[in-house]
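The values are calculated or read from the model by the stated rules, or taken from the named source; none is laboratory data. What you see is a predicted model, and the numbers here were worked out from it, not measured in a lab. Cβ atoms come from the backbone with ideal geometry, glycine included; neighbour counts cover every protein chain shown. Just so you know, the surface numbers come from the protein's heavy atoms only, side chains and all, with ligands and any DNA or RNA stripped out. Shrake-Rupley method; radii C 1.70, N 1.55, O 1.52, S 1.80 Å.
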Amino acid sequence: MGLFESDKSAQRLPVSLITGFLGSGKTTLLNRLLRHDGMKDSAVIINEYGEVSLDHLLVERVDGEVAVLASGCICCTIRSDLEQTLRDLLVKRDRGEIPPFRRILVETTGLADPAPIVQLLLNNPLVSHFLRLDTVVTTVDAVNAPHQLDRQYEAVKQVALADRLLITKSDLVEDIAALELRLRRLNPGARIENVSHGKIDPAQLFGAGLIDPELKRIDVERWLNERAFAEPDAHAGHAHHDHHAHHDHDHHDHDASIASFMLAFDEPLDWMAVTHWLAHLRNARGQDLLRVKGILNLRDEPTPIVIHGVHHVFHPPVALSGWPDSDRRSRIVFITRGILRADVLELWQAVRAAA
């Protein structure tokens, strides 16, 4: 028995999160998705039936909280909390009280911080044993986003945590190039899609996790998207941090504090040193570690180890069955608030020296 559990994410149901600021088109997106043939074996968790005008889609109420839609999707409202709602859904499915489903979508409220939901899926044993985080989708309203990103840190954080950024309402503005550039600076690794009236193929939207859902295999390249972080002058934390700091008329305090960068290490790493390094970062600056994900080549471990965290909560590290390609470097992507690449590297050097 090795130090690390083997990755079992292929056996767990994918959960995708749909977040985005008030009025940014989450409900429109959800309504379109639920009519799509490829989505009929989905369970959808929303905050209120009333808020999300799905009534025309509702066919049969199973009980007070659960309904089956015309498309065959199961829809339910969040009861006491999300953990309980997820567990109830799984129990009802296993008892045959509701149709089986292969994926879960969770829609957050417009002001919600997506981080606690991501943390629940990463490291709550009662949930993460059955479910895995697949994709964080953030809808971005082309009309109001520039104003919201200037004034609301929640809006910035929803962008920074995303795997997919959907620009909505672009038909109402002349040019979205500046918004796209701003989103890329905040989160280079996320894929940006321009979506009209919620119309998007679910295959383009979901499947951002480590497992490729079609091929049922590990896809590290897609998950890390390290090429997006490869040009320091364009994206690396210290570069765009300084760039923003000197151009206050162009850019914005919230943006200036967000740094996105990748660290790569050629030599195999010592797991104890990595553990101390990440523990120190979490303890000292957990709230400012927005998202960390990486693949590690560790001494004495024949296969790569995957790490993934949001703030101070990390998924237990897991061992993949093998290296996906010939690249054996350790690579870790960071999206942070007010933590620079140089700070993280300096701490690593200090921890390694002490070890």
Taking region 73-93 and keeping only residues that are assigned to a strand (DSSP E or B) and under 21 Å from A10 (Cβ atoms), one is left with none
Say we look at region 69-83 and pick out the residues that are modelled with pLDDT of 80 or more and surrounded by fewer than 17 Cβ atoms within 10 Å (Cβ to Cβ); which of these is nearest to L133 (Cα to Cα)? E83
Tell me which residues, restricted to region 257-311, are hydrophobic (A, V, I, L, M, F, W, C) and in a helix (DSSP H, G or I). W271, M272, A273, V274, W277, L278, A279, L281, A284
Going by what's in this entry, would H197 be described as farther than 23 Å from L133 by Cα, modelled with pLDDT under 60 and not aromatic (F, W, Y)? no
Just one of L33, L111 is under 29 Å from S196 (Cβ atoms), at pLDDT below 90 and part of a helix (DSSP H, G or I); which is it? L33
Identify, from the list L86, L105, L126, L133, the residue that is out of contact with any Cys (no Cβ under 6 Å at 6 or more places or on another chain), over 24 Å from Q204 (Cα atoms) and open to solvent by less than 30 Å² (accessible area, probe 1.4 Å). L86
For L120, state whether it is of a type in the set (A, V, I, L, M) and not in a loop (DSSP other than H, G, I, E, B). yes
Can you confirm whether region 236-243 contains a residue that is assigned to a loop (DSSP other than H, G, I, E, B), modelled with pLDDT under 85, over 19 Å from the mean Cα position of the chain (by Cα) and closer than 26 Å to G309 by Cβ? yes
For region 155-184 the number of residues that are in contact with an Asp or Glu (Cβ under 6 Å, 6 or more places away or on another chain) and open to solvent by 50 Å² or more (accessible area, probe 1.4 Å) is 1
Need the failing condition index for G96 against (1) modelled with pLDDT of 90 or more; (2) open to solvent by 40 Å² or more (accessible area, probe 1.4 Å); (3) part of a helix (DSSP H, G or I), just the number. (3)
Taking the condition of being out of contact with any helix residue (DSSP H, G or I) (no Cβ under 8 Å at 6 or more places or on another chain) and under 17 Å from H276 (Cα atoms), how many residues in region 319-350 meet it? 7
What do you reckon, is D163 closer than 14 Å to V15 by Cα and in contact with a Gly (Cβ under 7 Å, 6 or more places away or on another chain)? no
Could you run through region 185-226 and say how many residues are of a type in the set (K, R) and in a loop (DSSP other than H, G, I, E, B)? 1
Write out, first by first residue and then by second, each pair whose Cβ atoms fall under 8 Å of each other, whose residues are 6+ apart or on separate chains, and whose first residue, in region 107-134, is without any contact (Cβ under 8 Å) to a residue 60 or more places away in the chain and over 22 Å from A10 (Cβ atoms) while the second is open to solvent by 20 Å² or more (accessible area, probe 1.4 Å) and not hydrophobic (A, V, I, L, M, F, W, C). D113/E154
Would you be able to tell me the number of residues in region 1-26 that are more than 30 Å from V220 (Cβ to Cβ) and open to solvent by 40 Å² or more (accessible area, probe 1.4 Å)? 2
Residue in region 312-328 that is assigned to a loop (DSSP other than H, G, I, E, B) and hydroxyl-bearing (S, T, Y) present: yes
Tell me, yes or no, whether region 159-174 has at least one residue that is within 30 Å of P304 (Cα to Cα), assigned to a helix (DSSP H, G or I) and modelled with pLDDT of 85 or more. yes
Considering only residues that are within 23 Å of D255 (Cα to Cα), in contact with a Lys or Arg (Cβ under 9 Å, 6 or more places away or on another chain) and open to solvent by 60 Å² or more (accessible area, probe 1.4 Å), which ones fall in region 300-342? H312, R337
